[in-house]
Amino acid sequence: MSGFIDKNSKIYVPGHTGLVGSAIIRELQRRGFDNLLLKSIDELDLLDSKVVADFMQREKPDFIIQCAAKVGGIIANNTYPGQFFYENMRIQTNIIHNAYLAGVKRLLFLGSSCIYPKHCPQPMKEEHLLTGELEPTNRPYALAKIGGIEMCWSYNRQYGTRYLAVMPTNLYGPGDNYDLQNSHVIPGLIHKMHLAKSENRDSVELWGTGSPYREFLYSDDLARACVHLLDLEDDMYSKFVGHEDIAPLINIGCGEDQTIKELAEIVKEVVGFDGEIKWDTSKPDGTPRKLLDVSRLFSLGWKPSISLKDGIKLAYEDFLIAK
Ligand code: GFB
């Protein structure tokens with residue numbers, strides 16, 4: 001399939017070792033983009049503006065998919081708010097500003113569905129940005145990501161750059177963080193249920209009430225969506241980039257959600273744990289629902305391909321190898 005990006009273009013993927021970045025690398029390679037610029041944190045400290053500036057001037061990438069971020073689940077966000085704000089603001093500012101100075105043709109900035117208000121109408125449309133109060137458990141992270149969107153938009157307006165911010169729903173997949181405290185809900189539940197099964201326990205304790213709704217996307221599906229968007233022909237890409245009055249923003253999700261209780265039943269079945277699920281209501285629920293409106297994305301010819309149950313089976317296989 002031919003698109004906008006030349007096969008020899010140099011594509012830089014900050015954060016290429018993480019859940020999202022590694023999936024994006026797999027997808028780029030699958031589509032024949034082999035001129036990839038990859039630097040580990042030891043080789044390139046993205047918090048250091050001078051290091052990033054020198055690197056970008058030396059390498060002059062054609063395209064960037066910005067995946068580097070400090071991320072974590074509800075408790076991690078709540079426990080390290082300063083780090084979540086500082087590291088995300090700093091990394092994205094260094095990358096977006098130096099991409100502009102280096103003349104990068106297109107940049108995708110990855111955010112998160114938590115940028116939308118806590119009590120946003122459902123499903124949440126791109127136009128709902130900045131229309132209400134944020135969920136307190138992840139406000140620092142959300143505000144940093146909103147800063148990134150505003151930066152892309154402002155640079156497009158002032159300097160004529162072509163940066164697009166994409167907002168994925170909750171993600172999971174190979175290479176996830178399975179830490180019991182700091183992970184997101186799917187890797188956390190896989191780990192907890194696996195331990196409970198291995199230790200022949202008759203119950204497992206999960207957080208909150210189980211009543212919030214969440215939408216999930218497998219990381220390989222997200223990666224396909226990102227490369228699809230970056231590679232759009234100019235007339236399509238311009239529909240979302242280059243407007244004074246419309247933020248360059250596209251939601252990425254599957255368009256369906258379920259309660260955390262329903263999710264827990266799926267994980268329980270996949271892992272093969274047959275005990276009871278108990279709910280620790282002293283732990284936060286977070287936002288009650290955050291289902292993305294994905295009509296913009298779907299109008300561009302993209303659809304997810306991995307069901308939640310199949311994705312969780314793949315994630316459990318990954319956990320068993322990684323543990
Ligand atoms: O994935 P999660 O940590 O983050 O939690 P958010 C989702 C829901 O699962 C919450 C419940 O209602 C949790 O209370 N939950 C139940 C658990 N058991 C567990 C468990 O063992 N581990 C975890 N982690 N949750 C994050 C934001 O919000 O979503 C980030 O904090 C980011 O900023 C990310 O936006 C996508 O969906 O609530």
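FYI, it's all coordinate maths here, none of it is from the lab. For clarity, every value in this text was computed on a predicted model and none was experimentally measured. Every residue, glycine as well, gets a Cβ built from its backbone with ideal geometry; the counts of neighbours run over all protein chains shown.
Each residue of the range 101-111 in order: what ³J(HN,Hα) in whole Hz does its phi give by Karplus 6.51 cos²θ - 1.76 cosθ + 1.60, θ = phi - 60°, with x for Gly and Pro?
With the stated coefficients, the range 101-111 comes to 5, 8, x, 4, 6, 9, 9, 9, 10, 8, x Hz.
Quick one: in the range 181-320, what % of C-alpha pairs are over 22 Å apart?
Result: 48 percent of Cα pairs exceed 22 Å.
Please give the length that would be gained between SER211 and VAL51 if that part of the chain were fully extended, namely 0.36 nm times their separation in residues minus their C-alpha to C-alpha distance (nm, one decimal).
Taking SER211 through VAL51 to full extension adds about 53.1 nm, to one decimal.
What do you get for the angle between helix 308-322 and the principal long axis of the chain? Use alpha-carbon atoms, 0 to 90 degrees, nearest ten.
Roughly 90 degrees between the two axes.
Which of these, TYR237, TYR141, TYR12, has the largest mean-square fluctuation under a Gaussian network model of the chain (Cα springs below 10 Å)?
Ranking TYR237, TYR141, TYR12 by mean-square fluctuation puts TYR237 first.
I want to make sure I understand the PRE zone here: with the label point 7 angstrom from the Cα of GLN258 toward its beta carbon, which residues in the range 285-313 have backbone N atoms less than 12 Å away?
307-313
At a Förster distance of 25 Å, what's the computed FRET efficiency of GLU269 paired with SER203, Cβ-Cβ distance as r, to 0.05? It would help to have the intermediate numbers written out before the result.
Details: r = 16 Å, r/R0 = 0.65.
The value I calculate is 0.95.
Sticking to Cα atoms, compute the Rg of the chain to one decimal and its Dmax as the biggest Cα-Cα distance, whole number, in Å.
Cα only, the chain: 19.4, 61 Å (Rg, Dmax).
Hey, quick one: spin label on GLU244, modelled 7 Å out along Cα-Cβ, who in the range 158-184 has an amide N within reach, i.e. under 15 Å?
From the range 158-184, the list is 158-160.
Got the relative contact order for the chain handy, in percent, Cα pairs under 8 Å and 6 or more residues apart?
21 percent
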